[in-house]
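Engineer: Once you've had a glance at the structure underneath, I'll fire off some questions.
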Amino acid sequence: MNIIIDANILFATLIKNGKTADILVNPFLVLNAPEIIFEEFSKYHEEIINKSHRNKEDFFSTLSYIKELITIIPNSPFYEFIDQAKEVSPDSDDIMYFALALKLNCPIWSNDKKLKEQDRVKVYSTEDLIREFNLE
């Protein structure tokens with residue numbers, strides 16, 4: 001299944017190894033993200049490193065591995081969906097994720113409850129994915 005991965009999922013995976021990390025490597029999911037996902041990461045990477053309790057080498061090694069699992073889509077192929085995404089997205093910070101989801105006609109994987117405050121794009125939390133697709 002094609003799915004757009006939100007930055008908070010990436011952050012959760014880097015902070016602790018758990019169900020999120022297990023789902024991330026599940027071959028059932030084809031992970032996509034707008035190129036801004038790593039811009040968001042760069043804003044918070046020091047905080048994430050501190051919370052992760054990993055040394056920098058392990059942290060960046062894990063990040064490299066995760067980057068290999070995600071197809072990064074440049075903004076231009078889905079820029080035509082920005083106006084629709086602005087109407088749909090409950091959070092202006094997530095417009096690019098919604099635009100990409102609209103372009104690819106696929107759901108978003110995010111633990112941000114606010115994103116479920118619309119009915120145009122399906123949003124799965126980690127717990128939703130575990131339940132709905134038996135990804136335990």
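Engineer: Somewhere in the stretch 21-32, is a residue assigned to a helix (DSSP H, G or I) and either over 22 Å from Glu127 (Cα atoms) or among the charged types (D, E, K, R) (or both)?
Structural biologist: The answer is yes, given that some residue of the stretch 21-32 is assigned to a helix (DSSP H, G or I) and either over 22 Å from Glu127 (Cα atoms) or among the charged types (D, E, K, R) (or both).
Engineer: Residue by residue through the stretch 22-35, note down the ones that are surrounded by fewer than 17 Cβ atoms within 10 Å (Cβ to Cβ) and among the aliphatic types (A, V, I, L, M).
Structural biologist: Answer for the stretch 22-35, where residues must be surrounded by fewer than 17 Cβ atoms within 10 Å (Cβ to Cβ) and among the aliphatic types (A, V, I, L, M): Val25, Val30.
Engineer: State whether the residues of the stretch 83-94 include one that is under 16 Å from Leu10 (Cα atoms) and at pLDDT 95 or above.
Structural biologist: Yes, the stretch 83-94 contains at least one residue that is under 16 Å from Leu10 (Cα atoms) and at pLDDT 95 or above.
Engineer: I've got another one for you. I'd like the full set of residues that are of a type in the set (A, V, I, L, M) and in contact with a Ser or Thr (Cβ under 7 Å, 6 or more places away or on another chain), limited to the stretch 118-136.
Structural biologist: Scanning the stretch 118-136 gives a single hit, Val123.
Engineer: While we're looking at this one, here's another question. Which ones in the stretch 1-11 are surrounded by fewer than 19 Cβ atoms within 10 Å (Cβ to Cβ) and in a helix (DSSP H, G or I)? Let's see the steps before the verdict.
Structural biologist: Restricting attention to the stretch 1-11, the residues satisfying the condition of being surrounded by fewer than 19 Cβ atoms within 10 Å (Cβ to Cβ) are 1-2, 8.
Once the filter is applied, which keeps residues that are surrounded by fewer than 19 Cβ atoms within 10 Å (Cβ to Cβ) and in a helix (DSSP H, G or I), the stretch 1-11 yields only Asn8.
The rows are residues; the columns are (1) assigned to a loop (DSSP other than H, G, I, E, B); (2) surrounded by 17 or more Cβ atoms within 10 Å (Cβ to Cβ); (3) out of contact with any Gly (no Cβ under 7 Å at 6 or more places or on another chain); (4) not charged (D, E, K, R).
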position	(1), (2), (3), (4)
Ser64	no, no, yes, yes
Glu87	no, no, yes, no
Asp94	no, yes, yes, no
Phe98	no, yes, yes, yes
Asp119	yes, no, yes, no
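Engineer: Then there's this: Could you tell me whether Glu46 is within 14 Å of Ile15 (Cβ to Cβ), part of a helix (DSSP H, G or I) and not small (Gly, Ala, Ser)? Let's see the steps before the verdict.
Structural biologist: On the way: within 14 Å of Ile15 (Cβ to Cβ): yes; part of a helix (DSSP H, G or I): yes; not small (Gly, Ala, Ser): yes.
Yes, satisfied.
Engineer: Any residue at all in the stretch 27-46 that is of a type in the set (Val, Ile, Thr), at negative phi and at pLDDT below 90?
Structural biologist: no
Engineer: Please indicate, with yes or no, whether at least one residue in the stretch 102-109 is within 23 Å of His45 (Cβ to Cβ), within 11 Å of the chain's Cα centre (by Cα), surrounded by 13 or more Cβ atoms within 10 Å (Cβ to Cβ) and not β-branched (Val, Ile, Thr).
Structural biologist: So far as the stretch 102-109 goes, yes, one or more of its residues are within 23 Å of His45 (Cβ to Cβ), within 11 Å of the chain's Cα centre (by Cα), surrounded by 13 or more Cβ atoms within 10 Å (Cβ to Cβ) and not β-branched (Val, Ile, Thr).
Engineer: Regarding Ile49, is this residue aliphatic (A, V, I, L, M), surrounded by 11 or more Cβ atoms within 10 Å (Cβ to Cβ) and within 17 Å of Ile4 (Cβ to Cβ)? Full working, then the answer.
Structural biologist: On the way: aliphatic (A, V, I, L, M): yes; surrounded by 11 or more Cβ atoms within 10 Å (Cβ to Cβ): yes; within 17 Å of Ile4 (Cβ to Cβ): no.
In short, no.
Engineer: Select from the stretch 66-85 the residues that are in a helix (DSSP H, G or I) and hydroxyl-bearing (Ser, Thr, Tyr) and write down the one among them that is surrounded by the fewest Cβ atoms within 10 Å (Cβ to Cβ).
Structural biologist: Ser76
The values are calculated or read from the model by the stated rules, or taken from the named source; none is laboratory data. Just so it is clear, the structure is predicted and the values come from calculations on it, not from any experiment. So basically every Cβ, Gly included, is an ideal-geometry build from the backbone, and we count neighbours across all protein chains shown.
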